[in-house]
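The values are calculated or read from the model by the stated rules, or taken from the named source; none is laboratory data. Note that the coordinates shown come from a computational prediction; the quantities given were computed from them, not determined experimentally. So basically every Cβ, Gly included, is an ideal-geometry build from the backbone, and we count neighbours across all protein chains shown. Side chains are part of the model used for accessible areas, which takes the heavy atoms of the whole protein and leaves out ligands, DNA and RNA. Shrake-Rupley method; radii C 1.70, N 1.55, O 1.52, S 1.80 Å.
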Amino acid sequence: MGQFIEFSIIGIASGGMYVLSALGFVIIFKATRIFNFAMGEMMMLPAFVFMWAMLTLELHWIPAFAVAVAGGLAIVFVLERVIMRRMIGRPVIVLVMVTLGAGSVLRGIAGLIWGHEIVTLPAFLPREPFFLGNILVPGKLAWSFLAAAVVAVGFVTYYRMSRAGIAIRATAVDLVTAEGLGVNVRSVFTVAWLIAGVLAATAGILAASVNGVSPQLGFVALNVLAVVMLAGMTSVFGVLVAGLFIGWLETIVGAYLGAAWQSFLPYLIVLVVMMVKPSGLFGEERVERI
């Protein structure tokens, strides 16, 4: 029983990174109806910038983190203004292919600059493990989860309380009505992408601090798809629940059934849920009348 609890805690802590990147998916989709397949690369590039700032510029991790987030926001701003804004109103398949293509370009640029090998980030999180009775929790993982929780709570508070958050929610409900009431929809699109950029940068740096960084780090976002689909494409609360659940499930399955089961069982569960409830467990069921 003690081993099960230990694996459960580790799994829930791992799910914290899923929550952050999944929130980035959801906020962009709610505001723009674009499913952003470049989210993984929005995680990966700031992690490389963070490493560069610490090793090359020899900055403390706090200013290095600020540099990494700023770099990630610059990339996201260019992506939104130069590419995605021109795609407004295009068919969904076009938007999907454009984000996939943008992600591939960013991944290729990272490989050209930093190579394709996995690189360990300089230590900036405490390594000392935590003990809950006889249960050991790795220090890096515990601090990563705590940081992810703080950022997630800050995002939810901003999303619920700020004028920008209210504008995003209004745009998500009815874009035409929101624009008629004076909401600058194009600015809402930009703000949503920038918020997603901050979430992705934080998630990428935290994930890289545990597993190292390489251009393939972006593929972590594919695991996040299970979280987004299970939660529902539009549910912020659902993402919080589903992210922790998927992280827990992957760890438990990997510990007791092996890596072969870990790679597909969570997606099998998501597939079953989607067959029964296509909008996800917490998603909104939209009814369109013709």
task = Filter segment 157-190 for residues that are open to solvent by 100 Å² or more (accessible area, probe 1.4 Å) and among the basic types (K, R) and give the result.
result = R160, R163, R186
request  = Could you list, in sequence order, all residues of segment 54-72 that are part of a helix (DSSP H, G or I) and surrounded by fewer than 19 Cβ atoms within 10 Å (Cβ to Cβ)?
outcome  = L55, W61, I62, P63, A66, V67, A70
key: Condition broken by M17, with the remaining ones in (1) farther than 27 Å from I246 by Cα; (2) open to solvent by less than 50 Å² (accessible area, probe 1.4 Å); (3) under 19 Å from the mean Cα position of the chain (by Cα) satisfied   = (1)
ask   = Could you count how many residues in segment 91-106 are open to solvent by 60 Å² or more (accessible area, probe 1.4 Å) and within 20 Å of T202 (Cβ to Cβ)?
value = 0
note = In segment 236-266, anything hydroxyl-bearing (S, T, Y), surrounded by fewer than 21 Cβ atoms within 10 Å (Cβ to Cβ) and at pLDDT 75 or above is listed as Y256
query = Taking segment 74-90 as the region of interest, how many residues are modelled with pLDDT of 85 or more and either among the basic types (K, R) or buried (at least 19 other Cβ atoms within 10 Å of the Cβ) (or both)?
reply = 6
request  = Write out, first by first residue and then by second, each pair whose Cβ atoms fall under 9 Å of each other, whose residues are 6+ apart or on separate chains, and whose first residue, in segment 13-25, is modelled with pLDDT under 90 while the second is outside any helix (DSSP H, G or I).
outcome  = A13/V137; A13/P138; G24/N36; F25/F35; F25/N36; F25/M233
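Which residue, of A47, A70, A123, A64, is over 21 Å from A172 (Cβ atoms) and touching a Phe, Trp or Tyr at 6+ places or on another chain (Cβ under 6 Å)? Write out each step before concluding.
On the way: A47 fails: touching a Phe, Trp or Tyr at 6+ places or on another chain (Cβ under 6 Å); A70 fails: touching a Phe, Trp or Tyr at 6+ places or on another chain (Cβ under 6 Å); A123 fails: touching a Phe, Trp or Tyr at 6+ places or on another chain (Cβ under 6 Å).
Only one candidate qualifies: A64.
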key: Counted residues, segment 205-221 - those being assigned to a helix (DSSP H, G or I), modelled with pLDDT under 90 and crowded, with 23+ Cβ neighbours inside 10 Å   = 8
request  = Say whether the condition of being part of a helix (DSSP H, G or I), closer than 30 Å to I28 by Cα, touching a Ser or Thr at 6+ places or on another chain (Cβ under 9 Å) and open to solvent by less than 40 Å² (accessible area, probe 1.4 Å) is met by at least one residue in segment 114-132.
outcome  = no
message = It is to be established whether one or more residues within segment 267-285 are open to solvent by less than 80 Å² (accessible area, probe 1.4 Å) and on the phi > 0 side of the Ramachandran plot.
response = yes
